[in-house]
Amino acid sequence: MEKPLDGILVIDFSQYLSGPSASLRLADLGARVIKIEKPTGDSGRHLYCSNVVLNGESSMFHAINRNKQSYVADMKSGEDRKKVYKLIAQADVLMHNFRPGVAKKLGIDFETVQTINPAVVYAELSGYGKEGVWKDKPGLDLLLQSVSGLTQLNGNEGAGPVPIGLAVVDILSGVHLAQGILACLYRKITTGKGGRVEVSMLESALEFQFESITCFFTDGGQPTKRPKSNSAHAYLGAPYGIYRTKNGYMALAMGAIPFLGELLGCHELTQYPEVGSWFTKRDEIKSILADHLSTKDTQEWLAVLEPADIWCAEIMDWKTLFDTEAFKILEMVQEVQMSDGYKYKTTRCPIRINGQFLTTEIGTPILGEHTEKINAEFA
C-alpha cells in the first residue's frame, strides 16, 4: 500500500531506545530511514532488557529497529564524514539523541547541517535539555522517572518510590520527537522551510503528568498521597484501583459508591452517599470493597458490573490476553525477516490508514548492511 511518508528520507544518528523509537514510527509510516551507526554499531544492539537474544543481538534492538537501513560511518574520519554529508544534502530529516556538544564534535550540529541542507528538518532529543546544570547527566529512563516525580505516583502508601515497569520516558520522548518532526515536515512540504525540533526526556516526563501536576498547583502544593491499598492512581478517589477476587484480580475505575454497593450486595458501601467522601474516606471504602470482592470469582463480578455500565476489567497477563478473540482480531503481531533469513515476531504499528494496517516484512538491518549500496546511490 502507499504510505503517507513514502519518499521521505530520514538520516538517523540516534541510538538506544528514545530516538530509534521515533524513527521506527516514521519508518512505519513509509519513510526511508537510514540508520547511521559507528563501526561498533548502535550501543543498543547489545543493551539487553532481558536475557533474550535474537540472532546474536538484543531483543530490544530488534523491537525498535525493523524496516531501517544500516550505514556504518566513523564520523571522526574526514572521508566518512564527506560521504555522510552527501546523504544529509538530500535528506528531509536528520535526527539524533546525543548529549549536548557531541553532535558538534561529530560535525552534525544544527549550524553545520544548515550549511549542507538549509531546508532539512533537524530533530534532536536530549535527557535534560541543552542548558542548565543537569544538561550533561545521562538520559536513562529510570533516572528520568526518578527525578521527574513519576515514581511517587505508583503503588500503595508506604511502598516507597515505585517506577513504571517500562521505559516509558524513552518511548514518550520518542513520540514527542516524531510529532514535532511530522509538524515540521508538513511545513517543509507546504512552504519549503525546514525547522529545528528539540525534545528532552525530562520535559516529556513532566508533560506526561500534566493532570497530577495541575492538581498540585491547584491544591496549594499538597504532597502526593497514595491510597493505603488497592492503588491505581494517587489522585483519584474510591473505587479506582486493583482488587483481588476469589480466583484472580480485577480493575475498577470510576463509579458511584452507593450504586456499587447495591449492585454488589455490599450494604456497607451504601453508607457513603457524599461524593466528597469517596476521596476523603477512600482508604476505608477501598478496604470494605476489597474484602467484599475477595468472596467471588472475577467473572461473577464482571457479570454484574458490566451490564450496569460500570467500568471494570479482568486483570490479564499476556498469555491470557493473546488467547482472546478481542486480541486476535487486532492482528497486532507481525513476523519480519532479516536479510540472513532470521525471522522473529514483533508488534505492528498501531496506526491504520484508510482502514489498512501499516505492516512490513523487513526486519532489523545487519550492522553496515546497506553501506556500500547507499554510497553508490548517493555518490
Just for the chain, what percent of DSSP beta bridges are antiparallel, to the closest 5?
40 percent
Over segment 1-116, the quotient of the Cα radius of gyration and 2.2 N^0.38 Å is 1.07
Tell me, what is the Rg over Rh of segment 74-194, with Rh the Kirkwood radius over Cα pairs?
1.09
Here the gain from full extension of D219 to D291, 0.36 nm per residue of separation minus their alpha-carbon distance, amounts to 22.7 nm
Just order 344-357, 258-271, 4-17 by mean Cβ neighbour count inside 10 Å, highest at the front, would you?
4-17, 258-271, 344-357
1/(1 + (r/R0)^6) with r = Cβ-Cβ of N156 and E207, R0 = 25 Å, i.e. FRET efficiency to nearest 0.05, evaluates to 0.45
What fraction of the Cα pairs in the chain, stated in percent, has a spacing above 26 angstrom?
61 percent
Whole angstrom only: what separates the Cα centroid of segment 1-30 from the Cα centroid of segment 202-260?
35 Å
Cα-only Rg/Rh for segment 241-322 with Kirkwood Rh rounds to 0.97
Charge tally in the Cβ shell below 14 Å around S14, where Lys, Arg are +1 and Asp, Glu are -1, S14 excluded:
0
By average Cβ neighbour count within 10 Å, what is the ranking of 68-80, 313-325 from highest down?
68-80, 313-325
Cα-Cα longer than 30 Å, checked against K86/K343; K76/K135; K345/K373; K228/K296; K319/K373; K3/K86, kept in input order, equals K86/K343; K319/K373
Sorted by chain and number, the residues with a modelled amide H under 5 Å from that of D297, at a separation of 5 or more or across chains, are K246
So, by mean Cβ neighbours within 10 angstrom, what's the order for 154-161, 248-255, 54-61 with the highest one leading?
54-61, 248-255, 154-161
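Every read-out reported here was derived from the displayed coordinates using simple, explicitly stated rules and does not represent laboratory data. Please read these numbers as outputs of a predicted model, since none were measured by experiment. Cβ coordinates were reconstructed from backbone atoms using ideal geometry, including for glycine residues, and neighbour counts include every protein chain displayed.
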